[in-house]
Amino acid sequence: DKLSNQKTGGAIWNADTIEVFFSTPNAVAPHAEHYQYGFDVKDQIWNWCNMDGAGNRKPDYMDTRSAKTSDGYICEVAINYSHIKSLGFKAGNTIGFHPCFDDADDGPDRQLQMTWTGREAHDQSKGFGHIILSNRAVAPVDAKDKLATAWSEIKTQQ
């Protein structure tokens, strides 16, 4: 699978991209109670949906770092949650969460969107996971070779 990143701006979803959704925990489809962000290996970023009304633009409060590897790529993103105003980012609160991987399968356009629900993600809140915010420190974890295990554990907790 070759990287396919010919898209720019709000069209990055239609190539190899990572998307993350944050929502209210009681969101049901169809709904407008979510934020949708995307980022890719070229460090492009986009915010499509925003509960505060400032969506469909490149956000100035999101930072990404990416690197190509011999067998793919690594992307990291930091989103300043103070700009996600409609969700309560404080210890004890629960926030809806949904990660998606867009795959263009060697062509210019997305062929597949991989999610833990098996559904296309846009406005599909059924199956969104939850993040339970805590003030407890988290021990560092070496994530190498653990993606399938972590996703399996998350899926079985629903």
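Matching residues to (1) in contact (Cβ under 8 Å) with a residue 12 or more places away in the chain; (2) under 19 Å from residue 114 (Cα atoms); (3) outside any loop (DSSP other than H, G, I, E, B); (4) touching a strand residue (DSSP E or B) at 6+ places or on another chain (Cβ under 8 Å):
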residue: 13; (1), (2), (3), (4): yes, yes, yes, yes
residue: 38; (1), (2), (3), (4): yes, yes, yes, yes
residue: 65; (1), (2), (3), (4): yes, no, yes, yes
residue: 85; (1), (2), (3), (4): yes, no, no, no
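Which of the numbered conditions does residue 51 fail, given that it passes all the others? Conditions: (1) surrounded by fewer than 19 Cβ atoms within 10 Å (Cβ to Cβ); (2) of a type in the set (A, V, I, L, M, F, W, C); (3) in contact with an Asp or Glu (Cβ under 9 Å, 6 or more places away or on another chain). Of everything listed in (1) surrounded by fewer than 19 Cβ atoms within 10 Å (Cβ to Cβ); (2) of a type in the set (A, V, I, L, M, F, W, C); (3) in contact with an Asp or Glu (Cβ under 9 Å, 6 or more places away or on another chain), residue 51 misses just condition (1). When residue 83 is tested against (1) more than 25 Å from residue 108 (Cβ to Cβ); (2) surrounded by 17 or more Cβ atoms within 10 Å (Cβ to Cβ), only condition (2) is not met. Just a yes or no: is a residue in the range 68-78 part of a strand (DSSP E or B), modelled with pLDDT of 90 or more and surrounded by 15 or more Cβ atoms within 10 Å (Cβ to Cβ)? Scanning the range 68-78 turns up at least one residue that is part of a strand (DSSP E or B), modelled with pLDDT of 90 or more and surrounded by 15 or more Cβ atoms within 10 Å (Cβ to Cβ).
Table: residues versus (1) at pLDDT below 95; (2) at positive phi; (3) assigned to a strand (DSSP E or B).
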position	(1), (2), (3)
4	yes, no, no
51	yes, no, no
88	yes, no, no
100	yes, no, yes
105	yes, yes, no
109	yes, no, no
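Screening the range 15-35 for residues that are modelled with pLDDT of 90 or more and assigned to a loop (DSSP other than H, G, I, E, B) and picking the one that is farthest from residue 93 (Cα to Cα) gives 15. Specify which of the listed residues (41, 77) is out of contact with any His (no Cβ under 6 Å at 6 or more places or on another chain) and closer than 20 Å to residue 109 by Cα. Of 41, 77, the one residue that is out of contact with any His (no Cβ under 6 Å at 6 or more places or on another chain) and closer than 20 Å to residue 109 by Cα is 41.
Taking the range 40-49 as the range and being at negative phi and part of a loop (DSSP other than H, G, I, E, B) as the test, the residues that pass are 40, 41, 42, 44. Of the listed requirements (1) under 19 Å from the mean Cα position of the chain (by Cα); (2) modelled with pLDDT under 70, residue 157 misses just one: (1). State the number of residues belonging to the range 55-67 that are surrounded by 13 or more Cβ atoms within 10 Å (Cβ to Cβ) and of a type in the set (A, V, I, L, M). Selection size over the range 55-67: 1.
The values are calculated or read from the model by the stated rules, or taken from the named source; none is laboratory data. If you're wondering where the values come from, they're calculated on a predicted model, not measured in any experiment. Neighbour counts are summed over all protein chains in view; Cβ atoms, including those assigned to glycine, are modelled from backbone coordinates with ideal geometry.
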